[in-house]
Structures are given as structure tokens and as C-alpha cells.
1. Just want the ordering: A:V112, D:V328, from fewest to most Cβ atoms lying within 10 Å of their own Cβ.
2. Label-point separation (nm) for A:D325 and C:R129, each offset 7 Å from Cα along Cα-to-Cβ?
3. Using the 7 Å Cα-to-Cβ label point, sort the distances from B:E215 to its equivalents in the other copies shortest first and give them in nm to one decimal.
4. Of A:Y259, A:Y96, A:Y164, which is the most mobile in a GNM of chain A whose springs link Cα atoms less than 10 angstrom apart?
5. Classify the stretch A:270-369 as rounded, prolate or oblate from the Cα gyration tensor: take a ≥ b ≥ c as the square roots of its eigenvalues, call it rounded if a/c is under 1.5, otherwise prolate when a/b beats b/c and oblate if not.
6. Cross-link list D:K276/D:K350; C:K204/C:K364; A:K130/D:K350; B:K170/C:K350: which exceed 28 angstrom alpha carbon to alpha carbon?
7. Taking H as built 1.01 Å from N, whose amide H comes closer than 5 Å to the amide H of B:I194, not counting residues under 5 places away?
8. Dipole of chain C (Lys/Arg Cβ +1, Asp/Glu Cβ -1, origin at the Cα centre): which of C:W184, C:M258, C:F133 lies farthest to the positive side?
Number of protein chains: 4
Amino acid sequence: MKYYSISEISKIHVFGRMGKQKDPLPLLFNGSGVEVVVTGSELWIDLETDSDFYEPWVAYELNGALMGRQMLLPGEHSLCLFRNMEPATPKRVRFYRELQAMSEDVTCKVLVKGLKINGEFLDVPKYERKLEFIGDSITSGEGTYGAYEDTDWLSMYMGASQNYATMTAKALGADYHLISQGGWGVYCGWDNDIRHNIPSVYEKVCGLAMGPMNEKMGTQEDYDFSQYAADAVIINLGTNDASAFNQPPILNPEDGLMYKQRINEDGTPNREDILKVEKAIRDFLLTVRKHNPKALIIWCYGMLGSDMLLPITEAINEYRNEHDDSKVLFLELPNTTEETFGSHMHPGPKAHEQASKVLVPFLKERLNW
Amino acid sequence: MKYYSISEISKIHVFGRMGKQKDPLPLLFNGSGVEVVVTGSELWIDLETDSDFYEPWVAYELNGALMGRQMLLPGEHSLCLFRNMEPATPKRVRFYRELQAMSEDVTCKVLVKGLKINGEFLDVPKYERKLEFIGDSITSGEGTYGAYEDTDWLSMYMGASQNYATMTAKALGADYHLISQGGWGVYCGWDNDIRHNIPSVYEKVCGLAMGPMNEKMGTQEDYDFSQYAADAVIINLGTNDASAFNQPPILNPEDGLMYKQRINEDGTPNREDILKVEKAIRDFLLTVRKHNPKALIIWCYGMLGSDMLLPITEAINEYRNEHDDSKVLFLELPNTTEETFGSHMHPGPKAHEQASKVLVPFLKERLNW
Amino acid sequence: MKYYSISEISKIHVFGRMGKQKDPLPLLFNGSGVEVVVTGSELWIDLETDSDFYEPWVAYELNGALMGRQMLLPGEHSLCLFRNMEPATPKRVRFYRELQAMSEDVTCKVLVKGLKINGEFLDVPKYERKLEFIGDSITSGEGTYGAYEDTDWLSMYMGASQNYATMTAKALGADYHLISQGGWGVYCGWDNDIRHNIPSVYEKVCGLAMGPMNEKMGTQEDYDFSQYAADAVIINLGTNDASAFNQPPILNPEDGLMYKQRINEDGTPNREDILKVEKAIRDFLLTVRKHNPKALIIWCYGMLGSDMLLPITEAINEYRNEHDDSKVLFLELPNTTEETFGSHMHPGPKAHEQASKVLVPFLKERLNW
Amino acid sequence: MKYYSISEISKIHVFGRMGKQKDPLPLLFNGSGVEVVVTGSELWIDLETDSDFYEPWVAYELNGALMGRQMLLPGEHSLCLFRNMEPATPKRVRFYRELQAMSEDVTCKVLVKGLKINGEFLDVPKYERKLEFIGDSITSGEGTYGAYEDTDWLSMYMGASQNYATMTAKALGADYHLISQGGWGVYCGWDNDIRHNIPSVYEKVCGLAMGPMNEKMGTQEDYDFSQYAADAVIINLGTNDASAFNQPPILNPEDGLMYKQRINEDGTPNREDILKVEKAIRDFLLTVRKHNPKALIIWCYGMLGSDMLLPITEAINEYRNEHDDSKVLFLELPNTTEETFGSHMHPGPKAHEQASKVLVPFLKERLNW
């Protein structure tokens, strides 16, 4: 068995949005990790993790099948990814972070330090197709694990392993990036907190990961979009913007003001506040387009209700007209039903599977794949 | 056995949009017919039908289950709807037209003259919920019968019996009206014929049914909307408006001009022509609202592709803003896939079932049913 | 349009077990009928039917898809099977009897007299695979039509069109014969009537159809098994033999004796009576083998409970050992569940579909198809 | 946080077949483990494991939902089962062994030493229903993890977490025991090794686990059947007995003789050898009945072909007749198809789900549950 530090391994596919730090390699987002094709009978991965409240979970796949999923408490870890396999046969292994980037736990980290192997690294087949998913708790896979009754807000209920984004990328044989945060919206969070909007962090490496430790890892640096030219960017936001209208006002400590998306007396959302969401959508589309000049941009919505469908499409239409950009589309995803809920009223694995079954043919047709 | 002319039967539910002629009763649209609850061992229906090219098909249900479906050639018919049943048990029977109103066959008619029975008519339970569906070939159930390879344009492939509208109404226990025509759009037909737009016929009893015979039956009279206050109007139009962009120009014999929805050099639809569709949508929404002041209006779309999704939502948003009418919504229905096609590339029964499974919970939630 | 009497048409596939009378052609069993491939725009079938209580139902398929299903009251009929189709394209049409052979209605008959056509008869592709199904109400498709609540015993609830046997034959591209009767068993009927056993009629053309009219058509003649060499004979009997144990004694008017399959005090079936069923099974296997020397014989069971599974397999094992015949197999079919019942507690179309999905791969594997 | 050794915890449900050693508690079979209902925010389990080639995998469920699954290399482990949960809410946790008892790895063990908790142990609701499953690789869940292409014979592909037995017990709210071994049969193993038969180990605590370490833990002691009165014993054996007919002879080192289940020239199995299997079945039924005098015994078969169906039923019938024991039944389970295979040609999770959907209603009906 020989140990290779992560930077010594040339035949490796590092997936998910990454920053400049390469060794040890921080896995910043859910669904980010490393993939190798190896000979030998045994493979280990060496990690260093930390966390306060939100301990990272990780998962690993062998030849495309999920084999294990576990929590990692703070410390150094050496995990065996397989053992006793037929040495000559090539094995494809993907190891990845299940837990979303944690905006609420400044200590949370997953560092890949290296791999131990008694065989050789082979070339990882190149992914010709590239996707990027931007979203909220749905894209963080919240509720894809856990019992229907479970309502705590904990890292164990989130995952990339049973997530429409992962399912979609697998079905298409595509590489993919996930940038998502539970509770966040395009304009504000589920609780009216206007700081919790994805656009504010999209252009950083991992703007969600704050605090000195994360900063040192480069999460707050500008992301270099040139390194990953997505064929399609799938934005799945709006669910929390819709929730905000039904939540009480919240104090923004940064300016000392109260914020609230208002409801009219007849129960409809206040038009001025809707227009704030729409402006945020248009602005975000402009930002996404700036960094993905050739990508098809698809705004997906509907897995947890569709109250925001018309404002989203209104914003998309205005953006398209203003910028003469016909490569921005809208797709409604299937709503979650009693049969498809996972834990704490979020889409379960079946709902993610249904969403993927709508998204895959849509992408195939639009991208001529 | 005693014969009752249709006007002699007070305990009867006549369903579908009807005109002033009550005896014999013309069944004008697909999914229109008569429903009775009866005792006795036997029930017959007396009909008179005519047609040239598009012979009417009819279907009948016993206690909610489809029992028979058949073609009716021109002439008088006396069909046995059941026989030899236990006389005392109440039987609920629905008899209805499968074939859409035929704009292309001025002779096509289905007249219900009366019923023969050896028992009694009981009260038909009142439908408290009311739906109206407006659409094109999808709502005419085209392709719900026939083999995948069948491509003739014939009446036998259409139906109300395996149709998302019927499935939806059944699942909700609702009465329903169907106003639909294959090949027609909200602005123009699939072939750019601007005369083939549903709004032009919506306010007539059955504007689709033309010629002296139909006129005599009152199809061209103004429809009295006060007799049926739909809780929700579901409009499923846009598929043919999308097709028109890919079809050659067509001569309109009425004004001698050529018409064509244009495509830009980059393959996108011409914006001016899109705006014609959007204007037609806005105008139609205004018309539908005028006649259905309290109804929830839902524009459904997507069972055969979604190229027109953004124009439709743009028009809906503009209409909502201009008229301050928040009770107009949009819902994307599942696209038809290789597994769910029926005949000649139209949604088959499984596609209709999937659409219904999306529509039913949406209606339940929005109407508090 | 030209009329051809049935005997004038050489390019025709007559399916189902038939007797010597060929013109007019009696359709004796459910799932028996005629198949043609034709050009021309129009096709009609001329029929003569009769019945007392159990009026025949018929169905027809165009290019493999069910198009119509209807009741035929006594008299002469000329049914249009299609109209206005593109003349040059070949159309494949199957017309068949839905209703089982009626042992309880001596007047019941369906005679095919001829076809009218304005095109030509083409060769019907030959079926290389041949199946025979022997059964009870399940194989008569009882309950495949009708509402869950319907409990009358009527011909309209039976059918060949949504039946596991038809589904299986279609999936395998096989020709097939159905010999079945609701309420009958291998030893006795559901009500202990020992006259109601399928073996007693199996060797006649259609021993189920009695009375002078049927006799005149040759139903009571010995069937000439040499005309149809089935690759597999599927026997689906035992359900009514199981019911008999839970029914009161019945008088057999032929010998004036009471008959009853007995239950022991502990609720188990009486062994002596079980052995009567087993003997009937062994004897019937011998008969079936005699007439189908090369066929694979599969005893299927389980769509309505499996109380008789062990006696059936005991009898099969004994038969195999005694006659050194290893080509007799047993296959359990999926039980009908709350979700898959059709009318009056019989398997509905979904249950038949599930059975077919078990039977098709089993046959494929065992017959190397 | 307080540590409790396993014997200090009175409010605990220990599941799976266990021996006399209680502290530390050996988990001998797959699907054996401990269940607690606790308050507090955190729960840990302390373990000691060992293995040579076949490292144990374990899984844990929170409130009935699978949360994690991982390999345990030799050594001491302290695994966190949950953290940071709402302290007052009761949490139900099941921790269990995924890997079958390993007859081929004398060092393999999983010892539960104790639990750490910062809350209290509450009563675990008592299971009123009790099941026992006896089987081979299918019941060991082989193939329920891993990619279709994977063919190594490794512990990671086995599991109790996605297994028909677990699914069945969950659906019925029943406690359950698993006694199973991949490759073993009722008479001989898949490779003709007559030592690999389940009956030879059934009466020991865990006769499969050999060698000094296991013996010291009591695996070779007689099992005390009085401690667990199963309502139903489900035997799922025969698949490997069928394979043996197609495998070459094998030397039995214990007697120096070659063994082989023979095939006749016509491809059928040799009757004498079939009778050896049948004798083994009858003898095993006698053994199972001896230790489970009141249980319903169900022999299930068919998830990987059904070549042995008739011999199994022949043996059951003979046993029933000889011992007048009507509470021994046979049930065919759905065969695995292309769509439902897991890894190395074993049933995948969907095949196990289908089997469970057949078994659950069967048990409900037969046990009046």
C-alpha cells in the first residue's frame, strides 16, 4: 500500500466547484469530491474534517453504485473505500461530500489529503458534458434522508447521493457542480432575511463558507469561471422567496431595519415585493450569463409548490426581452406529493427521481445530447 | 319497457355545453352526454346520427366503469346500455360523445331522442363542483385510441373516455365541459390558418359546428354562460400556435392573404409573431373572465413540448397586471415521452393519466376541495 | 365495396378453437375471431347473433390497438370496422368474441358471415408460436370490465380484450386458443357441482355450448387436435375447486345425489376430497398430454388466492413421476390485491397485466423464444 | 454524556438470534442488532470488531429511516448515531449488522459494548409479532448493494437494510430473525459441497461462525429456541440446490469422496439426486417444526428462477401427509428480471421490494394480522 498526497495524483477527477487550494483539497459543496479509476485490491482515502454543530456527512460510490454513507466527526480519518477486490479489474470510485456548504458553521470543513492504494491509477474517462445546479434546500438534498416525521434541521438529512441533480448528471453522463443553501432564495431567505440570497455568494469560490478558517482556504475569493464551462446552468430557486411572504418581519442586523415580504388584504402577495424578487431574478440571470456566456440557462421550479411561477416567468421574459437572450428557459418540475415527501416536508428520493425524469429529456432535447 | 322522450325525463343529468335545443338533444362536444340513475333490468338509448367523413363515436359507462365504445353510422339507433341486471339495484349510467365537435364535417351530429326503461328514474346526485376545459387535439383526446403507428386523421382515434379532462373530473367528482378542436390554437392553427383559433368560437354555443343543419340546432347562437358557473376553467392551448412557426405559409381564402408565423435566422421565433400569440392569449383571458367572473382560470401547457411556455406566461403576467386579476394561473403538464405516446404522436392514455395526476392535486389545493 | 362470404376469403387468419362449420363461421370461445390485413378505405363485417340472457359482446382491434367493444343483440349485423382510411396502407384488423362460450344460454351464438371491403386482402403474417389457455372465470376475463361494486353475473363484465391470456399472446407474438368457463373447476364447480369440470368438455369442439342449435354447429363433436399444435398449454384451474370446500352441498340432478367437498373440524380441507381434485388434475394432465404430445404444459394458479397450491403441485408431481413427463410445470401467478381488483371480486386489467408480466418471461425462457 | 455498558441498559430491544454472551453483545447474523428509544441530543455506540477478508458492514436507522451504512475495520469503534437533536423528543434508533454470519472468516465479529447518551432510555415498544427468515444469499441481501457489473464476492454487496426480510418485517411491524448464508442450500451448496447446508447449522446458536473465537462466544452451542416463538418461519432455500446440478463434481475433504448432483442425458435433473434434496427438505421441516411447534412455516422460492419448485412442493406435500401438519405452506416469490437485478446477478432492492409486496399480504391473511 502506498500513500499519495492529493497533489501527487495526476489521474484523478476532482468534481464540484473548487478554489485555489489543492492540497489538502477542501470539498466545499455537497456533491463535490474526487473520482479515480484504479487497479489493486484496496483503496483508502485520508481526510481531515472539523465542525461545530453541523458535522459533515460523506458518501462513496463504487462503479456508480452507492456503497456507504457516514458522518465524520472532527479529526483525521482514514476511510477504506474498498478492500479485497480482484486486483487487476479497474474500479471506479467516487467519494463526495453529502453536506451542503454550511453558512451557519464556520468550522465545518472536509479536506481530502490523499489516497492509499496497492494498485495503479488509471485515466478517469473525461466528462464531455458539464452541468451546474444552483439552488436551495432542494438542491442541498434536504429531506432525501430521514423519516417523514423528522423535523430537526440537521446535517444528516441532507445529501447529494439521492438528489435530482446527481440523478440527472448520472443519467446524462455529465460532470456537475452544485451551489446551494437550504433556506436561501434569489432575493431573500425563507424568513425574510435579505442577506440569505444566493446571488450574493455566487461569484465567490464558496461565499457561503465564512469565517477565518474558510477565508484562509480561499472560499471568499472570486471564483474563476473559466475553469468550468457548463453546457447548462440549472437554477432551482424561488421556493424560499415564496415562503417569505408568509413569515413575520425580521430584523437585519446589518442595517438595523425590519424586512418583510408583504401580503395584501386579499391574500395575494404585494406587487412591490414581488417586483423585488423579479429584479433579483433578472439581475441574477445577468450575472449567470456573464460567467457562462454559452450555457443554456434553465430556471426550474415547482418541487415544493408553484406560488412563484408567474413572477419567475415574468422576470425571465423581461430579462430575455431586455437582453435579447433566448437561451434562458423555464421548466416546471413535479410537485412533491404525500407519496413522495422525505423528511421534514421536503422532497424525498422519489420526488427527486421524478424531477430528474422531467429534467433529463428536457436537457437532452435542448442540448441535442 | 317504456319509452320516454328526452324532454319527458326530469331525473336526468345532461352534461357538456348545450344549446337551446333540448329534444332531441344534440351532443355537440366530446365528453357531452346524459347521465341517469335507474332501477329496472334494462336500459336503452334512442339516437339519431349523421356524418359524412367523420362518423361519431360514442361510449358509455356503468357505475363509473367504461363498458362499451363504438362508431355510429348515419341513421337511427337504439342502443342497449345494459340488460338483465338485478332490477331493484340502482344503476348509474353515463352515455357520451367520444368525437369532438367536427368543424370539418357539417353533417356530423349526435341526437339523443329518448330512453327506454323497465324501471324508474332516480335522482342523479348533484355535482357541486364544476370544471370547464378548453383545448386542442389533446383535449379532444386525439391519440388516446389507436396504435403508435397510426397516422390517419380519423374520428376513431379521438375520445373523451381516456382523456385527462375526464380523468380529472372523475377524480374530483366534478361536472365538466369540454370545448376543444384538434389542430386549432389560441391565435392560429397548426398550419398558420388564423381562422382556426378557439377564441373565435368560444362565445357561441358550438361555433365549431357550422353549416345549415348545425345552425338550425343553434350551434351559432351566443352561449348563455349563466347556466354553468365553472369553479375552474382549464385552458390547454398553445401547442398548435407553436407548430405554426415550423409550417409553410398558408393562404387565407377570406382575405386572400398569406399567413405565416416566422422564424428568425437563428432559429428562434419572430418576436412580432410571438406578440400576436400573446395578444390572442390576453384577449382570450379577458373573454373567459368576462363569462366566468368567479372562476379560477388555469392555463395548462406542456403535454406536447413547451416551446410556447415563456410567451404564454408573458401574456398571462401582462393580463394579470393590466386587469389586476390574480386568479389566472399557469401550470406546466408533463411532456409526453416515448413510453406514453398514443397514436400519431399524440399523448396516449398514460400521458393523460400523468397529466391528470398533476392537475388534480393542483385544483384541490387552489380550490380548497 | 364488395362482399365476400367468409369461405371465399383465402387470406384470412381464423383464430381460437373452431369446429368443422366454416361458413358462416361460429365464434365459439372468447378470444376467437378473424384477422385480416387489407388495403382499401373501408372494412365491414357481417354477423348473425342470437342469445337469450347472455348477449354476446365483441371487440375489434386496428393494428393491434383496441378500437371498439360492444354488445350484440339477436339478429343480423353489419359492423363497420374502419372507414375513411388511407386506401393504399395495409391495415391489420382483428375482430373477436369477448364473451366466453356460454354453458348457460343454449341460444347464444356469434356467426361471422362475411366481410365487405373496397380494397384487397393481403397475406396475414403467419404466427410461428402457438399457445392454448384453459381456465375458469379468470381466463374468461370476468371482472376485466365493470366497476368494483358490480356483482351481477353478466356477459358484459367478461372479455378477451383485457385478459392475461391475450396480453401474453400479444407480447409473444403468438396465436392462441382460449377454452374457459366461469365457475368451473378441474374436478367440480365453485358450488360443488361435479358436472362443471373443464376436463369433461375439453375433447369436444366446444362441449360448453349445448342444445340443438349448438349441436348442429358441431360443438359436441370431437375436436380434431391435429389442426393446432400448441407449443405450450397453460392451464389456469383450481380456484373454483378451492371455493367448493366453503360452499354448501348441492344436488346433482343426474344421479340424485348430494355432493360436497368437505372441511375438517380444524378448518382444513378433507383429505379424501382433496384427493378427488388431485385425481382430476392427474387425469386431465394425461388428457392434455395425449392431445398435445410435444407441448410444454404449465399449470398456473394463484390470481385469486392459493389454497389449492399444494394439492395441485402434489398432483403434478405424481403425474410427472408416474408418466415420466418432465414437461409439465407449475407457476404461481400474482394474487389480486385491493389495488388490482376489477368487478365482483375478480382480477381487473391491472391484475391481468401483472400475471402476464410473470408468464411472458417464464414462457420465453422455457421455450427458448 | 454517560456511558452504559450493554448489560446495564434494561430498556433496550436486542434483535436477531443471540447466544448466551450478553456483554459485550455479539451480533452474529445480518439484521441483528440493538434498538433503543432515547431522549437527549446525542447517542453513540461503542463497538469492537475484527475480521480477516470479510470486514463487517453495519447500518443504522433513525425513526425507521436508513441514515448511514459503513464498513468497520478491525478494532475499537465509537460511532455517533446522532448528534444535536432536540433533546426532549424521543428518538428511535436501530443499529444492526449488514453482513451475514461469515462461515469463511473465523475472525469476523461485531461486538456491541455499550452506548453513550446525554439523555434517558425510554421503553422500546414491544413487538407482538415475530418472524424468522432462513435462507441463502438472497436472504443475506447479496446484491442489494453494488453495481450490476460487480461480480466479486465481497461483504460490501450484502446487507440487511434493503432486504425483503427487513422490508416485510417493517411493513408488518414485526420483530425478526435472519439465519442465512450465501451459496448454501437445504441439501448442498451451489457447488455441490454437501457440507454447505443450512439444516446442519440451524440448531446451533450460529453454527456458521466457526473457529476458537466464535466458539468462545458460544456460536456452536445449542440454540435455546424457547426464547423466541416465531409466528411464522419463512424458509427461502433451494436456489443453490438447483445450481448444483449445473456445476462440476466437488471433493468433500471430510470423507474423500466426490459429490455431484447429476443431470440426465435429456437435460433433466437426476431423480435420485432430486430425492436427496427432497429428503433434506422433509428432514429440515421436521427440525423447524420441532423447535417452532406453533409457527406457520412458509417455504418461499423463486426469486432466482424456479427449477426446484416441483421438488420442493413434492417434499412439502410428503412432509404434510406423513406428519399431518397442514401449517406448512409454499409461496412462489417473483423472479428477478433485467430491471430488478442488483450486483452480480442477484436480486437488487427492487426485486426485494417486489418479493416483500407478495409476502406481506400472504402473511397478513394467513396469520390474521
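1. On the way: A:V112 25, D:V328 22.
The most exposed by this proxy come first: D:V328, A:V112.
2. Placing both labels 7 Å along Cα→Cβ, they lie 5.5 nm apart.
3. 6.6, 8.3, 10.6
4. A:Y259
5. On the way: a/c = 2.59, a/b = 1.32, b/c = 1.97.
It comes out oblate by the Cα gyration axes.
6. Values: D:K276/D:K350 33 Å; C:K204/C:K364 30 Å; A:K130/D:K350 30 Å; B:K170/C:K350 19 Å.
From the list (D:K276/D:K350; C:K204/C:K364; A:K130/D:K350; B:K170/C:K350), the Cα-Cα distance tops 28 Å for D:K276/D:K350; C:K204/C:K364; A:K130/D:K350.
7. Excluding prolines and chain starts, which carry no amide H, the hits are B:G189.
8. Highest projection toward the positive end goes to C:F133.
Readers should treat all values here as calculations from the given coordinates under stated rules, not as data from a laboratory. Please read these numbers as outputs of a predicted model, since none were measured by experiment. Positions of Cβ are generated from backbone atoms using ideal geometry, with glycine treated the same way; all protein chains shown enter the neighbour counts.
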